Amino acid sequence: MVTSFTVKSVATFISKETRLGRFRDLVSLSSMENQTKNKVYFHYNHTDSCNSARWTARESYQFMYERPWQDVLHFFSNVVNARLTLSTMFGTDNSPQTCIDVADDDCKISEVCDEKEERCGRWERVTFKIILSYSGYAFDGWQKQPGLNTVQEVVEKYLGRFVDDKKARLLKEKSKPLEGCAVVAGRTDKGVSAIRQVCSFYTWRKDVKPCDIEGEINSAAPGKLRVVSVSEVSRVFHPNFSAKWRRYLYIFPLNDQENEKQCCENENEVESFGFARNCNEPSNKCVESISSENVENLIIGNNKEFEAPNKPTCFSVCRVNQLLRHLEGKLLSYKMFARDTKASRNIGPPTECFMYHARAAEARIPCSVHEEGRKVMCVELVANRFLRKMVRVLVATSIREAAAGAEEDALLKLIEATCRRATAPPAPPDGLCLVDVGYTDFNPKNCLIP
């Protein structure tokens, strides 16, 4: 009887706990719904005259993502597989790709090994420079991550065939897969394509030839990953540290209704609308720290309060170009345009970048819907280095400021902001492409957008 009573008591107790747990879940769910309804949104308190015309973060996000991105992905896929070139967008015989090829030839000269010198020790190993082209939609970025299909994982897996015996034995003893080690010039995020990504691989084997590496990697993911070239370089070559500049290209597709006439008319409307500032706009400032950022100039309120009517729905490509050109030839801290970086990198030299070239122009890419092609805006950025998501934030913020009718030095003023909410959310990764990496001094004549 004692045993039966104990079991019955335990069963009753568990039943009560289960009902209590369900009650707690219902209360928690109801509380979450109330929090969603009464959610407080934090916005940066811009003080310029066009503040009322500037999109909120959500409005900017919607404007960026409601686009025919499939046309851009298809174009990048054709370029990656060498069916098209970047000159297709500009409709000229003078292909910008030619300039890239010349720059690459120059860097090969500086990287040729000194075959006359005798090698010994660590200098005896052979280093290969591998230039890759891949479609961003097919991979979860470059960096190897557990359970994800990344470019690094695929490349290193197929480089395992060329690993020397000593390293192969060590990997086997540690129960690790037979893989090579690829060092890259710059890690790309998920969805970002690359035309001439640079990585390196070394081995102590003397029987490995560049054509062997090229054939092995090309068999990894046909149509998604392609080797542009493989060459033997000096042992001192490092894809990242040896690089002097990187070139990114962002293709922003324009909707059918966004023609040049509408953009000009909208720009004039914004100019007059920007001075009609909403006097009822909330101005209470938040003094508490949010997400480890300085929120001195943040204002809080319901998100609907900031979604004012008559906001711009179009922008001028020419205006975006004017905004970007103010960044050229300057060493600036782009911490306000970075995302997902550690707090230790938010101040000082680690956030400084020198922008060699920053331009925007209209172009067209092949499109099945339009015989003449899809009209797009191309943004070309060349700098000595880029912070995480910096290009995508720059593009999105430039479009937002151009639509709002901001002054030409608006991007320079945002660099002095106190919170990253002053800049727009990152533009979609689908439009971003790493064009090439340079190992000689940057030549302004070798630009996609002159």
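The values are calculated or read from the model by the stated rules, or taken from the named source; none is laboratory data. All values derive from a computational prediction rather than experimental measurement. Counting neighbours? That spans all protein chains shown, and the Cβs are built from the backbone with ideal geometry, glycine included. Just the protein is used for accessible areas: all its heavy atoms, side chains included, with ligands, DNA and RNA removed. Shrake-Rupley method; radii C 1.70, N 1.55, O 1.52, S 1.80 Å.
Of the trypsin sites (Lys or Arg not before Pro) found in the range 312-342, those in coil by DSSP whose Cβ has at most 10 other Cβ atoms within 10 Å are 342.
Classification of the range 190-260 by its C-alpha gyration tensor yields an oblate form. The axis ratio a/c (a ≥ b ≥ c) is 1.5 or more, and b/c is at least a/b.
Let me make sure I get this right: for the range 368-450, a, b and c are the square roots of the gyration tensor eigenvalues over alpha carbons, sorted descending. Under 1.5 in a/c it's rounded, otherwise prolate if a/b > b/c, else oblate. Which is it?
oblate
Loop-only chymotrypsin sites (Phe, Trp or Tyr not before Pro) in the range 190-257, please: DSSP not H, G, I, E or B, and at most 10 other Cβ atoms within 10 Å. If you can, show how the numbers build up before the last one.
Numbers: sites: 201, 202, 204, 237, 241, 245, 248, 250; in loops: 204, 237, 241.
Of the chymotrypsin sites (Phe, Trp or Tyr not before Pro), the ones in loops of the range 190-257 whose Cβ has at most 10 other Cβ atoms within 10 Å are 241.
Determine the relative contact order of the range 355-417: mean sequence separation of Cα pairs under 8 Å and six or more apart, normalised by residue count, in whole percent. Normalised by residue count, the contact order of the range 355-417 is 27 percent. Annotation note: trypsin sites (Lys or Arg not before Pro) in the range 146-186 located in DSSP loop regions with a Cβ neighbour count of at most 12 within 10 Å are 174. With 19 Å as the limit, the listed pairs 144/209; 129/206; 144/224 have 144/209 beyond it between alpha carbons. Accessible area per residue was computed with a 1.4 Å probe on protein heavy atoms; residue 356 scores about 80 Å².
Pull out a ≥ b ≥ c, the square roots of the eigenvalues of the alpha-carbon gyration tensor of the range 128-209, then state rounded if a/c is under 1.5, prolate if not and a/b is larger than b/c, and oblate in the remaining case. Let's see the in-between values first.
On the way: a/c = 2.95, a/b = 1.53, b/c = 1.93.
In terms of gyration-tensor shape, oblate.
What separates the Cα centres of the range 141-171 and the range 188-205 is a distance of 12 Å.
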